[in-house]
Protein chains: 4
Amino acid sequence: MAYEKRQMQNEAHLSFNICHLLFTMIIVMKSRATTEQISSVVSRVESLGYRVHLSRGEETTIIGVIGDDRPIDREQFELLDGVEKTMPVLKPFKIASRDMHPQDTLIPLNAVQVGGPQIAIIAGPCSVESRQQIIEAAHAVKEAGATALRGGAFKPRTSPYSFQGMGEEGLQLLAEAREATGLPIVTEAMSPDQIPLVEKYADVIQLGARNMQNYALLNAAGDARKPVLLKRGMMSTIEELLMSAEYILAKGNTQIMLCERGIRTFEKYTRNTTDINAVPVLKQLTHLPVILDPSHGTGKWEYVGAVSKAGIAAGADGLIIEVHPDPTKALSDGAQSLKPEKFAQLVRDIRRVAEAVDRS
Amino acid sequence: MAYEKRQMQNEAHLSFNICHLLFTMIIVMKSRATTEQISSVVSRVESLGYRVHLSRGEETTIIGVIGDDRPIDREQFELLDGVEKTMPVLKPFKIASRDMHPQDTLIPLNAVQVGGPQIAIIAGPCSVESRQQIIEAAHAVKEAGATALRGGAFKPRTSPYSFQGMGEEGLQLLAEAREATGLPIVTEAMSPDQIPLVEKYADVIQLGARNMQNYALLNAAGDARKPVLLKRGMMSTIEELLMSAEYILAKGNTQIMLCERGIRTFEKYTRNTTDINAVPVLKQLTHLPVILDPSHGTGKWEYVGAVSKAGIAAGADGLIIEVHPDPTKALSDGAQSLKPEKFAQLVRDIRRVAEAVDRS
Amino acid sequence: MAYEKRQMQNEAHLSFNICHLLFTMIIVMKSRATTEQISSVVSRVESLGYRVHLSRGEETTIIGVIGDDRPIDREQFELLDGVEKTMPVLKPFKIASRDMHPQDTLIPLNAVQVGGPQIAIIAGPCSVESRQQIIEAAHAVKEAGATALRGGAFKPRTSPYSFQGMGEEGLQLLAEAREATGLPIVTEAMSPDQIPLVEKYADVIQLGARNMQNYALLNAAGDARKPVLLKRGMMSTIEELLMSAEYILAKGNTQIMLCERGIRTFEKYTRNTTDINAVPVLKQLTHLPVILDPSHGTGKWEYVGAVSKAGIAAGADGLIIEVHPDPTKALSDGAQSLKPEKFAQLVRDIRRVAEAVDRS
Amino acid sequence: MAYEKRQMQNEAHLSFNICHLLFTMIIVMKSRATTEQISSVVSRVESLGYRVHLSRGEETTIIGVIGDDRPIDREQFELLDGVEKTMPVLKPFKIASRDMHPQDTLIPLNAVQVGGPQIAIIAGPCSVESRQQIIEAAHAVKEAGATALRGGAFKPRTSPYSFQGMGEEGLQLLAEAREATGLPIVTEAMSPDQIPLVEKYADVIQLGARNMQNYALLNAAGDARKPVLLKRGMMSTIEELLMSAEYILAKGNTQIMLCERGIRTFEKYTRNTTDINAVPVLKQLTHLPVILDPSHGTGKWEYVGAVSKAGIAAGADGLIIEVHPDPTKALSDGAQSLKPEKFAQLVRDIRRVAEAVDRS
């Protein structure tokens, strides 16, 4: 019911339609473009239902294209004779944009409203490996102060020979861990047909970095009735992340947390490069909460503490951290997992940084 | 039947098992590692069924781990006390490796054996847009000398507001185009449930760059009985491409063409950076045929000709090129599509380069 | 004298001044920008000697800034109240642009006019290591058909503990090698004070990738009276390469060859990623000749042949290739150096590809 | 005198020589390598003064190469017949390594010991533009709580048509600003011949990102008697940054601050991607202080605050921030410069975060 209500409020807000006319695109003509070429471009623009505003310089003509907020495909215009280039005026995402929805979207995770003043800490092992492991991990992260439990039942692995997760059994164990600790569950779905299953057991459906542009999966998550944690692809731009969120939003699910988890660069000391800039950029562009994943962002447990604190200082609404009762025996991601006692210390450190930036 | 036979030949070959003992990994201990730490690492290695070979230096001890060709998870060892780092000895892919299958895999596409001396040219529009468009395109590329027709019925688009493809109707139109011209059809499947549908209509199942690590899709393609054209993710390493091929191979489908389609870099003049190095690297590492996509690799039609010729000169087994009867009206990828007459000229140019490198 | 004449011809051409008024920049105002904000931006633009053209939409106002071809600093305008963003209309480079100098610049290297129909092949060891080594290399590459001899006397090395080159003695040995074979010499200068020394001995002054934005060095090369081979930085954009060429051109030295030598990406199988797209992009944007360096572009000799042929097929005007009499004993870059006999075979292969694209 | 003493202490420390024998490299032979090939590799290794340790597997032989701490060129061995690959054991930098110098290097900047518990804040305009501007900026940042004043007299600019700095006059104005405020001066030298001039006026010599691998400049800075602030190249790895520091250290100047200023990636919303991971990585690998530059790291003033706080939370020893009395009139980098009042607020915010991580 809570979910319905939040959705309704968001949709009410989103139903506000921009019906004014807007510049959507600018076309720069070549310096030697002929009058015929200019007319031909103008006709094409008008034939698509847009209006134009011409600026004639001594050498160059610039065509402003005026329309509503429908996105326009600039590519087709770049091919017309006499066109030098085109430039966008409008942002390509709408529902995700803070322009349309200035106040922060809040997503309840037990007692915490993710996106509000309180920091959410989602913690747990990379994979569910056994009842003992996940129950032990759940108790440990709960005690340390975590907000929710993470753990994968379906694992996207580069190698077909690596451990692929426990499947539905893993989901059942996660549900048991929730029973035992009261912690809500965050776990990944890897294909559209897994969405209903994950939705049944989990509190938050995670979509992984490799699947950020798996559109069938995004559409399925858009139909789900549980919040989504959407991870940025390791070589996706911030704009593409927002466009993927837009897929889910356009289907009607407005409960999305965006997760920065490191991008791929030429640097080799760390597994990925945490894009810390993405935190303030996302907070400016969108109303959706922003979660940082320092475990994947660095790939080495030694650096998780420093980058966790950096994320909170930069304004992230939460963290998702890999914690394993015995990292040396983890079936995946051991190198970036914290031991429970180190995690407990980190939570204390994070609390101090959170207070220093007026969060809690 | 041909498909069964090719599969069988490949599998016969692949059933050759490496049962010898091999160095799989090297563990470098820290210079101050204690004897206890060394013993403890050795015990752990042996408990997993591996054997060790110790090299003691005055300061550093190096542990060679000996096993069969099972992949080993190095991460867990990096966390043990006293370990400085680990290094792989074996390649992580097996069935895709030329070490295990020295001769080239050949995939018939009409008269051409892809991977053999003849160059395959797959051409057509980005998307199927209408009967007229696809039939016209099919005739045009056939006349120009193409080997197969490409065209998307399911389109992965960054924006939920962009044209998403005609779906099954598009597949039917592609089948009509094959009827009309005799050209085999290459078209994309975006989710596991689309595989049977695409398999029914198409001659080659394309898996797109954004889905290179969509493991549910790879597994489904591994079960299909049609060849697969697997595109490298724009953010993926060559090794990851081979690991994704390994998913399909491990399921038993050995008919895979690998496609280099440009990677994402900091350069802005082009949409992607064609990784031309990947052509000789892949030809050395694997027995699977290599196709180059100069349309996505550059993102601009002006550069498609130069990069097509470069691809053939570098040793690619084929090209996949976007051709549209009227690029300015294309619903997607117009900017990188060639007009039929430019494509016809390009095929003539390619023929000359092919001959200069003893291909045809 | 030849050098003076070429310079004069180019300068005569370049003295043609664009004195017409041009759109140089577009300023997009925020949708809620006030009239005062718009007026204030207009005043600022006019106070700098530019004229404006206003396009008022219902919500957004767009300001076209009209001036001559002086480059304008867009940044300062992005900070003014009410400004959403600015977009460039003019390219930031002028003398390097093909717009201003449509015909190809030709640079004589012995019998070859680099930039003309004939392919230039510059070959030799990474470093000059001894008289015997360089003389032997010079004879070998000459016999194989090279146009010029390369070899470094000053070596930029990542480590202070690596061989740093023979210095002036190396330059003298290169001069000897020219005596012995007639091959012109291409060699690197690493600092402004080395320019006169290198100019004295060499026929072409090479500026290395790490120094592409060493502006003191670019200015010194602009004052030199020998042609310059300017390598693209390993993480520099094509536009930055052209801006660096613009430094040299603006000082009056118009004899520049641009060299694509691979850029840095996430891929690990090769040392760099050859940006083959850069070849047709540069040929379109500029009149300066384009040389490809497949040795650094790949970092492994096995791939040099394939990428050399690709470069020629893509339209490069020449190649610069590392060749060493005994690569296993090279003091630098052995892994990417060809043996003389492999190089001789490659020259024969290149000749065939060159003919297939109407070069020689 | 203080400088001499600090240098001596460091050198005393550094004179401790590692004379033990160490594994420096591992050579993995191909699985089909012959006994002759193995012997031949062993002979080559021994002829260079190294010892070997052979590990023979059933298929693969692994050769451990044992020597002192001299760096070894692995490349030449990769070319020998029968060699599959080589792997380094030792780090390529020595004097910069924390292994050799476990305690933090401290560099006094007025009252602050950079590298100690107190955070250094270096602030000021990108360029010195006039007496009024720099004196005003100096007073403003001093009042806000800055430790030192930055400002460029020599400016590396992508375009030859952009403002190139005031040269020596700028240095004199910086000296005046120091007189007026007592703030030490940090300013850039762009070529070896500028080092003595900059050394004369400045308290810290800055080496810019584009010059990180300008080895003539590094050598000159190594001979200088003032501390150096060395910026990471936008295209450089952390290891390369440390190798460049090693050039300066090897010349005897041990007073180096390392500066992370953002690297180049595919992301377009920000000018660079701040590599926040580099902060804990550098603190682990080296004893040199680490400074973060959030102005270049983001390129937009809106994000400077968030990333500054992140840097301190991650463990940086200081920040270098662009502040301009009127950013809209700045001759360079206006878009990323803070106004003095925003900077003053930021210093207060930073203080709180610093305390939360036990710094001041």
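The angle separating the long axis of helix D:131-144 from the principal Cα axis of greatest extent in chain D is about 80 degrees.
Taking the accessible area of segment A:107-356, probe 1.4 Å, and keeping the other protein chains in place, the carbon and sulfur fraction comes to 47%. For chain A, the longest principal axis of the Cα atoms and the long axis of helix A:238-250 meet at an angle of about 90 degrees. Annotation: the antiparallel percentage among DSSP beta bridges lying fully within segment C:107-356 is about 15.
Taking the convex hull of the alpha carbon positions in segment A:101-160 and averaging its projected area over all directions gives 6.2 nm². With protein chains left intact and a 1.4 Å probe, residues in chain A average 34 Å² of accessible area per residue. Sorted from longest to shortest, the spans of the Cα atoms of segment C:168-210 along the three principal axes equal 31, 18, 13 Å. In the structure shown, the pairs B:Lys268/C:Lys268; B:Lys309/B:Lys342; B:Lys268/C:Lys85; D:Lys226/D:Lys300; A:Lys85/C:Lys91 are assessed against 20 Å; a Cα-Cα span above that value is assigned to B:Lys268/C:Lys268; D:Lys226/D:Lys300.
The order of C:Arg56, B:Arg150 by accessible area, most exposed first and with a 1.4 Å probe, is C:Arg56, B:Arg150. The sum of -39500 (n - 2.57) across all DSSP H runs of n ≥ 4, divided by the residue count of the protein assembly as shown, sets its helix-only mean residue ellipticity at 222 nm to -11000 deg cm²/dmol. A point 7 Å from Cα along Cα→Cβ stands in for B:Asp223, and the other copies hold the same point at 1.9, 7.2, 7.4 nm, listed in rising order.
Fully extending the segment from C:Ala111 to C:Ala180 would add 23.1 nm, taking 0.36 nm per residue of separation and subtracting the current Cα-Cα distance. Highest GNM mean-square fluctuation, chain D, Cα pairs closer than 10 Å: which of D:Arg232, D:Arg131, D:Arg261? Looking only at D:Arg232, D:Arg131, D:Arg261, the largest GNM fluctuation is found for D:Arg131. Look at the alpha carbon pairs under 8 Å that are at least 6 residues apart: their mean separation over the length of chain B gives a relative contact order of 15 percent.
Legend: calculated FRET efficiency, C:Lys30 to B:Glu302, from the Cβ-Cβ distance at R0 = 30 Å, rounded to 0.05, equals 0.30.
What is the helix-to-structure angle for A:2-14, meaning the angle in degrees between its Cα long axis and the longest Cα principal axis of chain A, kept from 0 to 90 and rounded to the nearest 10? So the helix axis and the longest Cα principal axis differ by about 20 degrees.
Per residue, the convex hull around the alpha carbon atoms of segment C:126-188 comes to 74 Å³.
Its convex hull of Cα atoms gives segment D:88-206 a direction-averaged projected area, equal to a quarter of the hull surface, of 10.0 nm². What translational diffusion coefficient, in µm²/s and rounded to a whole number, does the Stokes-Einstein relation yield for segment A:188-253 at 37 °C and a viscosity of 0.692 mPa s, taking the hydrodynamic radius as the Kirkwood radius over Cα pairs? Rounded, D is 288 µm²/s. Counting only other chain Cβ atoms within 10 Å of each residue's Cβ, the peptide A:350-358 averages 5. Residues A:His324, A:His139, sorted by accessible area with the largest first, give A:His139, A:His324 [1.4 Å probe; ligands and nucleic acids excluded]. For the modelled label position 7 Å from the Cα of C:Ser162 along Cα-to-Cβ, which residues of segment C:253-297 have backbone nitrogen atoms closer than 14 Å? Counting only backbone N, you get C:271-272, C:296-297. The label-point distance for B:Ser360 and A:Lys251, in a model that sets each label 7 Å from Cα toward Cβ, rounds to 5.1 nm. Kirkwood radius and radius of gyration were both taken over the C-alpha atoms of segment D:205-339, and their ratio Rg/Rh is 0.97.
The D and B chains share an interface that buries close to 2200 Å² of accessible area, total over both sides, probe 1.4 Å.
Taking D:Ser308, D:Ser40, D:Ser127 as the candidate residues, the one with maximal mean-square fluctuation in a Gaussian network model of chain D, Cα springs under 10 Å, is D:Ser40. Of B:Thr265, B:Thr147, B:Thr274, the residue with the greatest mean-square motion in the GNM of chain B, using alpha carbon springs below 10 Å, is B:Thr265. Between the beta carbons of B:Ser47 and C:Lys85, assuming R0 = 51 Å, the FRET efficiency works out to 0.25 to the nearest 0.05.
Taking every DSSP beta bridge that has both ends in the protein assembly as shown, the antiparallel portion is near 45%. Using heavy atoms of the protein chains and a probe of 1.4 Å, the accessible area assigned to A:Glu179 is about 150 Å².
Remark on A:Val114: its backbone amide H falls under 5 Å from those of A:Ile107, A:Leu109, a criterion applied only to residues 5 or more positions apart or on other chains, H modelled at 1.01 Å from N. When the convex hull of its Cα atoms is viewed from all sides, segment B:22-88 shows a mean projected area of 3.8 nm². So for segment B:170-281, what percent of the C-alpha to C-alpha distances run longer than 24 Å? When every Cα pair of segment B:170-281 is considered, 29 percent fall beyond 24 Å.
On the principal axes of its alpha carbon atoms, the protein assembly as shown extends 82, 72, 70 Å, with the longest extent given first. P(r) for segment C:18-140, from all Cα pairs and a bin width of 5 Å, is 2, 9, 15, 13, 9, 7, 6, 6, 6, 6, 7, 6, 4, 2, 1, 0 %, short bins first. The Cα center of segment C:164-205 and the Cα center of segment D:245-322 differ in position by 38 Å. In a Debye calculation with equal point scatterers on the alpha-carbon sites of chain A and no solvent, what is log10 I(q)/I(0) at q = 0.06, 0.13, 0.14 Å⁻¹? Here the Debye-derived log intensity ratios amount to -0.27, -0.96, -1.08.
The values are calculated or read from the model by the stated rules, or taken from the named source; none is laboratory data. Note that the structure is predicted; figures quoted are calculated from it, not measured. Using ideal geometry, Cβ is built from the backbone for each residue, glycine included, and neighbour counts are taken over all protein chains shown. Side chains are part of the model used for accessible areas, which takes the heavy atoms of the whole protein and leaves out ligands, DNA and RNA. Shrake-Rupley method; radii C 1.70, N 1.55, O 1.52, S 1.80 Å.
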